[in-house]
Amino acid sequence: MKKPLNIIISIFLIFISSILSAEEDTREKVELPEMMQKHMMSNMRDHLVTINEILINMSTGELDKAGEVAEARLGMSSLESHHASHMAKFMPKAMQEAGTNMHKAASQFALKAEEGDKANAYIALSKITSTCVACHAAYRIR
């Protein structure tokens, strides 16, 4: 009986904390034209899909495929497809640097994945997601 009550209390606390944190959003708001907001949100959703594809490939032992996906969709070679140069002029310098660091980390991950060492590839993957977390913790567009 105690276990279900703990679960209910935990869910309630998570729910309440998310409401409170939404009211007290202290992240820097980055003003973007509406079209660029939509474009950035689309890029972010694609980044999540890409991270998921990478994880699926890694879980099935296809590190080479994970690396290819990372480089093509997140790595430095993907900047043109994300229109990064057009977006950057609207971002604070530190946000630009966070984005660049994420793309560099993705390219580094691709190299580690090609080497075939799963442990090192996971370490490199965590550097990608850490840059995402840091940026999303510091900035918002809405």
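Answer yes or no: is there a residue in segment 116-129 that is modelled with pLDDT of 95 or more, β-branched (Val, Ile, Thr), within 30 Å of Glu24 (Cβ to Cβ) and assigned to a helix (DSSP H, G or I).
Yes.
Can you tell me which residue within segment 37-75, out of those that are modelled with pLDDT of 95 or more and among the polar types (S, T, N, Q), is nearest to Glu114 (Cα to Cα)?
Asn57
The values are calculated or read from the model by the stated rules, or taken from the named source; none is laboratory data. Note that this is a predicted model, so its numbers are computed, not measured. Cβ sites come from the backbone with ideal geometry, for glycine too, and all protein chains shown count toward neighbours.
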